1. Any residue in segment 483-498 that's closer than 13 Å to Ala400 by Cβ: show its pairings with residues that are hydroxyl-bearing (Ser, Thr, Tyr) at Cβ separation under 6 Å, as long as the two are six or more apart or on different chains.
2. Based on what the data block shows, is Arg945 of a type in the set (D, E, K, R) and within 60 Å of the chain's Cα centre (by Cα)?
3. So which of Thr640, Thr635 is in contact (Cβ under 8 Å) with a residue 60 or more places away in the chain and over 20 Å from Ile56 (Cβ atoms)?
4. Do we have Ser746 as at pLDDT 85 or above, surrounded by 10 or more Cβ atoms within 10 Å (Cβ to Cβ) and either polar (S, T, N, Q) or in the same structural domain as Ala663 (by TED's automatic domain parsing) (or both) here?
5. In segment 122-149, what residues are surrounded by 17 or more Cβ atoms within 10 Å (Cβ to Cβ) and acidic (Asp, Glu)?
6. Working carefully through the options Asp322, Asp377, Asp355, find the one that is at pLDDT 90 or above, among the acidic types (Asp, Glu), out of contact with any Asp or Glu (no Cβ under 9 Å at 6 or more places or on another chain) and over 30 Å from Trp657 (Cβ atoms).
7. Looking at segment 661-710, what strands (runs of 3 or more DSSP E) fall wholly within it and have at least 1 residues that are farther than 25 Å from Thr55 by Cβ, touching a residue at least 24 places away in the same chain (Cβ under 8 Å) and among the hydroxyl-bearing types (Ser, Thr, Tyr)?
8. I'm told Leu839 meets every condition in (1) over 60 Å from the mean Cα position of the chain (by Cα); (2) exposed (fewer than 10 other Cβ atoms within 10 Å of the Cβ) except one. Can you identify the failing condition by its number?
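The values are calculated or read from the model by the stated rules, or taken from the named source; none is laboratory data. Only a predicted model underlies this, so the values are computations on that prediction, with no experimental measurement involved. All Cβ positions, even for glycine, are placed from backbone atoms using ideal geometry, and neighbour counts span all protein chains on display.
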Amino acid sequence: MEQREQRHPPTDGVHTLRRRSGLLLTLLCVCCTAGAGVAQVALPVSERVIAERPTIARWTMDQGLPHNLVHALAQDRDGLLWIGTWEGVARFDGRAFTVFDRQNTPGMEMSGVFAIVPEADGGVLIGSADDGVFRYSGGRWQHLGDARAQRLRVTSMLRGRDGALWVGSEDGLFRIEADGRLSAAGAVAGLPKTRIAALLQRPDGSVLVGTAQGLFRLDPATLRARRWGRTPAMRAAAVRRLSHDRDGGLLVAGDAGVFWLHADGALQWLRQGQRVDAALQDRQGQLWTSLSSGQLLRRSSSGVSEEMLSISGVVSAALIEDREGLIWAGSTDGLFRVAAGDAGGLTRHDGLGGDDVRVVQQSADGAVWIGHAAGLDRWQHGRIATLRIAASGRDPSVLALAAANDGGMWVGTYSQGVLLLAPDGAVRQRLGSDAGIPQAMVRALLQDADGGLWIGSNAGLAYRNRGRTRVYTLADGLPALQVQALYRDRAGVLWIGSSGGIAALSAGGALRGWPAGAGFPAHNAFDFLEDADGTLWIGSDRGLLRLRDGRFRVYDHRVGLPRDKLFRVIDDGHGHLWATSNQGVLRIARDSIAQLDAGRRTQLAVDVVDRSDGMPGSQGNGASAPAGWLSRAGTLLVPTSAGLALIDPALPSRHSWRAPAVAIERLQVDGREQPLRGDYRLPGSVGRLSVDYAGLSFRSPDKVRYRYRLHGFDRQWIDAGSGEEAVYTNLPPGDYRLEVQATTSSTDWSRSDLVGRTSLQLDVVPPFWQRGPFVVLAAIAFSGLLLWWYRGRSHRYLRRQRRLNRIIAERTHELRTKNLALKLADREREELVRKLAYLAGHDALTGLPNRRTADPHLTAALEGALAAQTPLCVALLDIDNFKRINDTHGHEIGDEVLRRVGEVLRATLGEHAFAARHGGEEFLLVLPGLDREPARARLDELRRRVAVVVVHDLDGRVVQCTASVGFACLGPSLQSRRELLVLADRHLYQAKHEGRDRVIG
């Protein structure tokens, strides 16, 4: 029976539920009072607290389950989770459900599933409520047994050590033989013909049978059964689940409670008189029980404490521990996963005034101050107090906190400037625009030892001391006006982070900026952290930056950081840097940074803590300070958009993490799905090969990263990120091995203990024409053909050679002729270029240089005169009444006048002077080497010659023309080209005004 899978999208709709109780506040408040005295320091959020506050995730039909009523759970050899529901069975890889039911799998007449048994060879047995037993293996389904077996109403199953399949049903116990025959065992030697709820094989080979009428022990060899148990209640009460504890003892869950028969023979009776649907002991020694009241009970390994976890719906007998130590439970309301994490959360439900937390800081008295979008809270002695800080109306959003020298707290707000609060939360002082604060939105604060207060706002940096305020802006050297981080290093330098770079203000008052794109390798700087050796770490929107010896080093996604935008950088004192981001908190091993710098590794060692680890939300907040705090008790406090996250920096649960199992889920050849197996023989004509895989980490499926490599084809690993498909097209024939690796340790592939892997063999068979015998025959045939071809071609070659010699001679003659023509064309082109260059710099009408040539000539002449200390005069000549000439006699006569004047200029000025048409009827004259009076004489001579120019119009009338000249000479007060031209133009205007036909200068 070939499967057809129905895949559902990833479980984006998973809801994370958290137990809410006073325990959180009681335990975590001790962190806040740790500063009161050394003896009062208590544990931070650690294994104990986290274990008592597990994270519960839920999946329902909305996320892909075929039905919300879950009856059975099991994990197969590959690590995939199988879920039996009232409407068929589903397989889960941590991201998506694959549903198998009568709608998508031909022949799958399966409805309710009450029993699932994984087998050692990777197959899975599925017990149906009406249709017997199905077996899934290698991507195919098989309906087991004969016609009678396929009508069994299965409630439980057991694969015996002898290979026999024991099947518990509503009608008793049955056995399916290897040949498919069904034998009844329930009525043999005292076993009642009733509902069989549980089957378990003991170390001695006997089979315990849990029925509605009590517990029985069956000898498989004799098929004799008898009641079994140490007490009458244990023997007679209805049994619902049987399991072994971690030491080989026995747990019997049923209507009378839980009987725990320890390996040493001791018997415990737990939950006496209360119906228990399932019981198991996890690897930590904790006892989990599903109560008919709809709750899941966890009993500590010591037996001292119990905790009731509320799970919606009525809890069923579906209760297992997976390979990662996670507890899975089923109920009438879906599938649930219980996991201990490394983080907790503080939200509105716990008493916070708002969930959108922006800043957090611990004051000297141990109180934790929490700023959020709805105001400010103070958390101390197990109580969260909401502080009224608004001058009137609603409390403003808090964007900044800084410890005050008197033990209080400075508070920066979104809309009401800066506040000073006493240690008890009372408002002592308000600073706004009346105090010189440039803007009411304040993102960063820092108080110096002398009482001076630094205020970072969206309009610059302010410094207030002794009642005076100074504001630093762009004009003072800030790279941007939005200041969002302030940090004082050991040398007394104030570091300033902004939205457009960073700046440093020395103790002496000198401000140096590193603008974005001009020395600073990022745009936003959100935080600073200094090491003992003076190294400065910077959280930015381009990754983690290091400033050492005046040089920046960038650590970003290219070296393994999952995110580039980092808001807060904190050293936990144990060899790690912590950085908050929009998608979780990153823990970066310092030694991996050193190894990366030394070239001993290519990726950083990074752990990501996010919502899946117990944080109230993964989205951190930035552009406010401080966006994180390490409490005195060692707890990492991180503001998020969903509450305040509390993280144990030791990440204790990570010590038990294992490499994710990697499973091949589907293989398709040219769109056709193939049965799953370890090796494949593929035809050489295959066009597209696709392999779907999954790294099974149910604790953090979103953290799984993949890489794969087709050995024999790929030269290096292909980084697939979170992708779950490898695709190859047109593979050449050959032997290949596809290896897939997965890790939850970011992209640190050096941790082999955290890297899961799987592989499959591929043999691409060449087509017949690429096989040995065919190739030999083809080579012989080809050789004969080649010989025949060679002989014929040699004969043709001789004839062609003679003809080619004739053609070469003819073509050589043609080429010589064409070369001569090309040389002539080159000469003509050069002459044309020369003429065009001349025309570009000269006036076509007068032949004089135009303004384009005149301007640089004047500049050069002026520079030469200044350098040589020689005289220079500049003149502007304008033809008088030129417009009247044009209007009266026509433009052709006007053009003739311009030509004649140009001729006069060339003839009169000589080779040392320069004349150019400056525009219209105006001409520019440059007279080097002439002082004022010689220049005046030369210009006056020019004026007189223009006055005797005679031009006749078309009617024979004489057109008389005169010219006015204004000039200026180089002198102490006239040193620039512009000054000379302005003065010459002014004198020209004066000449026009005084009657024209004159020279003034």
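1. Listed by first residue and then by second, the contacts come to Val483/Ser498.
2. On the way: of a type in the set (D, E, K, R): yes; within 60 Å of the chain's Cα centre (by Cα): no.
Taking the combined requirement at face value, the residue does not satisfy it.
3. On the way: Thr640 fails: over 20 Å from Ile56 (Cβ atoms).
Being in contact (Cβ under 8 Å) with a residue 60 or more places away in the chain and over 20 Å from Ile56 (Cβ atoms) holds for just one of Thr640, Thr635, which is Thr635.
4. Numbers: at pLDDT 85 or above: no; surrounded by 10 or more Cβ atoms within 10 Å (Cβ to Cβ): yes; either polar (S, T, N, Q) or in the same structural domain as Ala663 (by TED's automatic domain parsing) (or both): yes.
Against the criterion (at pLDDT 85 or above, surrounded by 10 or more Cβ atoms within 10 Å (Cβ to Cβ) and either polar (S, T, N, Q) or in the same structural domain as Ala663 (by TED's automatic domain parsing) (or both)), Ser746 does not qualify.
5. The answer is Asp131, and nothing else.
6. Selected residue: Asp377, the only one of Asp322, Asp377, Asp355 that is at pLDDT 90 or above, among the acidic types (Asp, Glu), out of contact with any Asp or Glu (no Cβ under 9 Å at 6 or more places or on another chain) and over 30 Å from Trp657 (Cβ atoms).
7. Those strands (runs of 3 or more DSSP E) span 679-683, 688-696.
8. Evaluating Leu839 over (1) over 60 Å from the mean Cα position of the chain (by Cα); (2) exposed (fewer than 10 other Cβ atoms within 10 Å of the Cβ) leaves (2) as the failure.
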